[in-house]
Each structure stands twice: as C-alpha cells, then as structure tokens.
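Okay, structure first, notes after.
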Amino acid sequence: MAMQFPPAGGNQLASIMMVEESEINTEGSYLFLEVDSTEQSGQVLLSAFIQRIVDTENNVHILCYENPIAIVKSRIYGTNIHKIQFHDAFYDHKGWFKAGDKEAKETETRNDLLTILQNVKSSSTSGNVVIIDSLSPLILNMGFCESYRQLHMLLNSAQSFFGLTVSRLVSLVHEDVLPNASCSLPQLHHMATTLLKVSPPVRANPIVHITHVKPGGKVLSQREWYTVSGDNSVTSGELTSADLMAVSRPSESLPEDLTTFKLGLGEEEKQARSRLVLPYLRVDSGGDVGSKVFYEPDAADDWDEEDPDDDLDV
C-alpha cells in the first residue's frame with residue numbers, strides 16, 4: 001500500500017522518505033542512517049521506511065542481525081513482501097553452527113556484511129536496496145573498525161560489488177550500546193547521506209532531528225514531530241517555537257528523590273543567605289563622605305619597638 005503524507009511545506013521527513021533517483025549519489029551508494037536510544041526506540045519509524053521501500057522498489061534485501069526474520073516480516077504489510085530477500089544473521093550471528101558443517105564453504109560460515117552480499121543471488125544486478133535491521137550487533141561482534149571498513153567499501157563502490165550494485169543502504173543503530181560511542185558515532189554520521197536521530201516526545205509525539213546532505217553539498221537540518229499508524233503510514237510536521245525551546249533547553253531537575261537529605265534551599269534560607277555578612281567582607285556604611293586610606297603592614301616597615309604607636313615625645 002502506498003504511504004500517504006499530509007501536504008506541508010516544511011515536511012522534510014516525507015520528502016526524505018520519497019527520495020528520487022536523482023538524489024542518489026552516482027559515485028557510490030546512498031546511506032540512510034537512523035539513530036535511536038533506550039529513551040526513544042526508532043524501530044517503528046524504521047518499519048515505516050521499510051514499508052515505503054517495499055512499496056516502491058523491486059530488489060530489496062533485508063539483513064536481520066537483531067531480530068528473527070519472522071518478527072521483521074510481521075512488521076511489513078501488503079502483497080509486495082515476496083519481492084524481499086531475507087538474510088538470517090540473527091540465529092547464527094557468529095557463524096559457529098555453519099562452521100561445524102564440513103560441507104559448508106568458508107565464505108558461508110561468516111555473517112559479516114560483505115560475506116552475506118557476496119552470497120546473494122539477485123535477479124537484478126543494479127538498483128538493489130540493502131536494509132540492516134540494526135548495525136549494533138554487527139559492530140559488537142566484529143568491532144567498529146571492521147564494520148566501518150565494510151560499510152565504507154560498500155558505499156564507495158560505484159561499480160558492481162560481487163556482481164551486485166547497491167543503490168541505497170538503510171540501517172538503524174543504537175547509540176547507547178556502542179563501545180566508545182563518542183568517537184564511533186560521529187564517523188557513522190559523517191558517512192551517512194541522511195541522518196535521523198529520534199528523541200522522546202516533548203508533548204505527545206516523538207521528535208526526529210533530520211540532517212540530509214544534497215548531491216551539491218547543501219545540508220538540510222530540521223526537527224519535526226512524527227507519528228506512525230498501524231499500517232506503517234507516517235504523519236509528521238514542524239515543531240512550534242515552544243516545542244523547539246523545550247527541545248533545546250530540556251529541564252534538568254535535581255535528583256532529590258534519590259537522596260536522604262535536602263539538596264536545595266527554601267525561600268527563607270535563600271533570604272538568610274543573602275543577608276549574611278561574611279567576616280572578610282568590608283561593609284560600607286554610607287555615612288562617611290570623603291576618601292579613606294587603607295594601609296596594610298609590610299615586613300619591611302621600620303617599627304620603633306619602644307614607641308610602636310609613635311605617640312611619645314621622647
């Protein structure tokens with residue numbers, strides 16, 4: 001079923017989902033990366049994108065690293081599901097079971113990205129869309145450097161890769177389970193043509209921060225709210241100014257419920273603190289008019305031990 005979008009001038013999410021072939025980088029592949037966390041899952045939005053791709057594309061490959069194939073299938077609707085080739089990297093993600101099979105080839109015992117695509121039997125060598133349900137298990141099993149290398153090879157291969165040309169790569173990644181996320185995530189962000197980062201709702205609907213790089217190098221950035229209905233149709237819209245203020249300045253309350261003592265000050269305590277005069281502060285009475293001389297004794301001063309006050313005429 002075709003996805004419906006409300007007419008909206010600033011609806012960037014709908015525009016991203018209906019990306020045209022002219023948007024695809026002719027020197028490589030188009031990477032769509034969605035980033036989520038435990039605060040807000042991106043699985044529902046990813047299923048909506050998969051639905052859109054299945055409805056419009058003919059050569060779709062889904063690599064299941066995080067979920068069994070049956071669960072991924074249950075999230076896709078319509079009669080076009082037969083166009084999808086599912087690849088199970090969940091059941092034997094380390095390749096241990098296949099390694100015990102003496103008849104299995106060495107290239108069939110690994111479940112990394114390149115090995116799976118090498119063994120793909122596609123009816124078409126061009127215009128293939130590869131979807132990864134989550135990059136996180138792949139990175140945790142293979143390490144970030146090797147996973148990044150394989151993604152880089154796939155995305156920068158303008159010609160066929162093992163006889164298979166990938167036009168688009170779509171994936172989800174969980175930012176809070178990656179090792180050294182502060183270093184690895186920016187590298188994935190830089191690799192992506194379109195980056196979606198979902199965050200918890202401000203009022204009723206979750207928020208998505210969209211960053212899209214046009215072929216000419218222009219960068220589009222916008223925050224929108226979105227909802228996904230039961231048939232994977234997406235509705236999104238621009239945030240109001242109040243919502244943007246709430247997103248940019250989240251409330252940071254002290255964890256008072258987690259302590260056995262009071263962390264803050266009451267109004268009376270704040271007033272008493274403001275009236276407190278510390279001993280090292282000079283209080284200006286305001287009654288004296290004129291200049292004053294303040295002298296600080298020095299170690300080199302010449303003191304008269306017999307007349308320290310200099311008040312004896314001797």
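To keep it simple, each residue is scored yes or no on (1) buried (at least 19 other Cβ atoms within 10 Å of the Cβ); (2) touching a helix residue (DSSP H, G or I) at 6+ places or on another chain (Cβ under 7 Å); (3) part of a helix (DSSP H, G or I).
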site	(1), (2), (3)
E34	yes, yes, no
V44	no, no, yes
Q51	yes, no, yes
D55	no, yes, yes
N67	no, no, no
V72	yes, no, yes
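When the range 185-220 is filtered for residues that are within 20 Å of Q40 (Cα to Cα), of a type in the set (G, A, S) and surrounded by 15 or more Cβ atoms within 10 Å (Cβ to Cβ), only S199 remains.
Is there a residue in the range 148-165 that is modelled with pLDDT of 85 or more, loosely packed, with under 15 Cβ neighbours inside 10 Å and more than 22 Å from the chain's Cα centre (by Cα)? For the range 148-165, residues modelled with pLDDT of 85 or more, loosely packed, with under 15 Cβ neighbours inside 10 Å and more than 22 Å from the chain's Cα centre (by Cα): present. Residues that are modelled with pLDDT under 90, charged (D, E, K, R) and buried (at least 18 other Cβ atoms within 10 Å of the Cβ) are absent from the range 130-144.
Taking into account only those residues within the range 224-273 that are at pLDDT below 85 and hydroxyl-bearing (S, T, Y), which is farthest from Q40 (Cα to Cα)? Once the filter is applied, the top-ranked residue is T260. The set of residues in the range 161-200 that are in contact with a Pro (Cβ under 8 Å, 6 or more places away or on another chain) and of a type in the set (F, W, Y) is empty. Pairing residues of the range 196-214 that are over 18 Å from S241 (Cβ atoms) with residues that are hydroxyl-bearing (S, T, Y) and surrounded by fewer than 19 Cβ atoms within 10 Å (Cβ to Cβ), at Cβ distances under 6 Å and at least 6 apart in sequence or on separate chains, gives T211/S221.
The values are calculated or read from the model by the stated rules, or taken from the named source; none is laboratory data. Predicted model only: the values in this text are computed from it and were never measured. Cβ coordinates were reconstructed from backbone atoms using ideal geometry, including for glycine residues, and neighbour counts include every protein chain displayed.
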